[in-house]
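Following: one structure in structure tokens, then a few remarks.
Just so you know, all these numbers are worked out from the coordinates, no wet-lab data involved. Nothing here was measured: the structure is a model prediction, and the numbers come from that model. Neighbour counts run over all protein chains shown; Cβ positions are idealised from the backbone, glycine included.
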Ligand code: SF4
């Protein structure tokens with residue numbers, strides 16, 4: 001496969017050249033360079049390249065929790081702890097019809113609320129958080145969700161991760177969301193070695209322009225869910241492989257790796273790495289197998 005040329009589709013339209021591929025040797029060289037202390041400029045350029053590739057790989061990246069108001073997003077994010085977005089999205093339509101305001105949550109019948117959110121897990125704790133959240137928003141913020149990190153993290157059930165999700169997606173205030181996928185991937189890519197989520201947030205904030213903070217969170221989380229799985233990453237079908245020091249953590253054979261790609265945009269993920277859809281075997285496993 002040529003990596004630098006452009007190809008022409010059957011319809012005659014020009015298509016972007018497939019993303020360059022790594023080899024075991026190029027990945028080992030990159031890993032060695034990172035271990036020796038990658039120069040800041042080199043890391044910034046590599047991160048910039050990876051961001052552009054991520055944007056092309058996941059043009060549909062977005063917050064996968066369904067919501068129409070900041071309060072709904074706050075509630076959905078509280079429910080997403082130890083659950084999947086898909087599970088949360090299955091309970092929130094009825095929940096949002098029943099509880100429309102912070103006051104509704106503050107005055108909720110606890111048993112009824114627990115029943116409605118039962119399937120998301122940890123329902124007793126979550127019900128307590130939602131009732132406390134509603135009460136605090138009513139008492140301290142006149143029923144409106146506040147717009148600053150400091151005020152948001154002071155609310156029951158809202159940690160820094162949740163606050164950044166709300167800021168970035170409901171208020172258009174740039175925020176980096178460090179969830180399990182995000183931390184795992186940025187360490188795997190050698191963007192940072194930090195383990196503590198707040199330190200990870202600051203390290204990535206220093207590498208990525210502020211205007212891109214919300215989108216980088218979506219791109220990285222999308223890549224973690226669809227390509228770079230925790231247990232078996234699809235290295236041979238990954239658009240980032242040329243800049244990834246961990247290439248080889250999963251199957252490097254393109255066809256074997258393509259079976260590991262997940263999600264509704266699988267055809268696009270194959271196209272961007274130049275693997276013909278006809279050659280790719282059916283995907284294996286459930287779509288959100290790695291979801292936290
Ligand atoms: S799938 Fe493999 S090559 Fe791609 S980012 Fe993950 S570890 Fe790196």
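For the pair residue 142/residue 89, report the inter-label distance in nm, with labels modelled 7 Å from Cα in the Cβ direction.
My value for the distance between the label points is 3.5 nm.
Can you give the extra length, in nm with one decimal, that the chain gains between residue 153 and residue 212 once fully stretched, where that is 0.36 nm per residue apart less the Cα-Cα distance?
Numbers: separation 59, 0.36 × 59 = 21.24 nm, distance 2.20 nm.
Gain on extension, residue 153 to residue 212, equals 19.0 nm.
Test of understanding: ordering 117, 255 by Cβ neighbours within 10 Å, fewest first, what list do you get? Walk me through the numbers before you get to the answer.
On the way: 117 23, 255 14.
In order of increasing Cβ crowding within 10 Å: 255, 117.
Restricting things to Cα coordinates, could you compute the convex hull volume per residue of the chain in Å³?
Details: hull volume 40.2 nm³, N = 292.
Given the Cα convex hull of the chain, per-residue volume reads 138 Å³.
Between residue 277 and residue 253, how many nm apart are label points set 7 Å from Cα along the C-beta direction?
Each label point lies 7 Å from its Cα, and together they span 2.4 nm.
Could you give the angle, 0 to 90 degrees to the nearest 10, between helix 213-226's Cα long axis and the longest principal axis of the Cα atoms of the chain?
For helix 213-226, the angle is close to 70 degrees.
What is the angle, in °, between the Cα long axis of helix 40-57 and the longest principal axis of the Cα atoms in the chain? Nearest 10 is fine, range 0 to 90.
80 degrees
Let me check against my output: what whole-number percent is the relative contact order of the range 19-137, with C-alpha pairs under 8 Å and at least 6 apart? Can you show the working numbers first?
Working: 80 pairs, mean separation 25.1, N = 119.
Worked out over the range 19-137, it gives 21 percent.
Taking Cα atoms, how many degrees apart are the long axis of helix 197-207 and the longest axis of the chain, rounded to 10 and kept between 0 and 90?
50 degrees
Take residue 231 and residue 40, extend 7 Å from each Cα along the Cα→Cβ direction, and tell me the distance between the two endpoints in nm.
The modelled label-to-label distance comes out at 4.1 nm.
By how many nm would the segment from residue 68 to residue 55 grow when fully extended, if each residue of separation counts as 0.36 nm and the alpha-carbon distance is taken off? Mind dumping the intermediate values first?
Working: separation 13, 0.36 × 13 = 4.68 nm, distance 2.46 nm.
Length gained between residue 68 and residue 55: 2.2 nm.
Hey, what does the equivalent ellipsoid look like for the range 165-292, semi-axes from the Cα gyration tensor as sqrt of 5 times each eigenvalue, largest first, whole Å?
Values: eigenvalues 145, 48, 32 Å².
Each semi-axis is √(5λ); the values are 27, 16, 13 Å.
Tell me, 253, 278 in order of fewest to most beta-carbon neighbours within 10 Å? Intermediate values should be presented prior to the final figure.
Working: 253 11, 278 6.
Ascending Cβ contact count within 10 Å gives the list 278, 253.
Name the residue, out of 106, 282, 56, whose mean-square fluctuation peaks in a Gaussian network model built on the chain with Cα pairs under 10 Å.
Top of the fluctuation ranking is 282.
Once you have the Kirkwood Rh of the range 101-191 from its Cα pairs, apply Stokes-Einstein at 20 °C and 1.002 mPa s and quote D in µm²/s. Let's see the in-between values first.
Numbers: Rh = 14.4 Å.
Once the numbers are plugged in, D ends up at 149 µm²/s.
Which order do 105, 99 fall in if you start with the one that has the fewest other Cβ atoms within 10 Å? Could you put the intermediate results ahead of the total?
Details: 105 26, 99 22.
The most exposed by this proxy come first: 99, 105.
Express in whole angstrom the spacing between the alpha-carbon centres of the range 68-114 and the range 158-191.
Between the Cα centres of the range 68-114 and the range 158-191 lies a distance of 21 Å.
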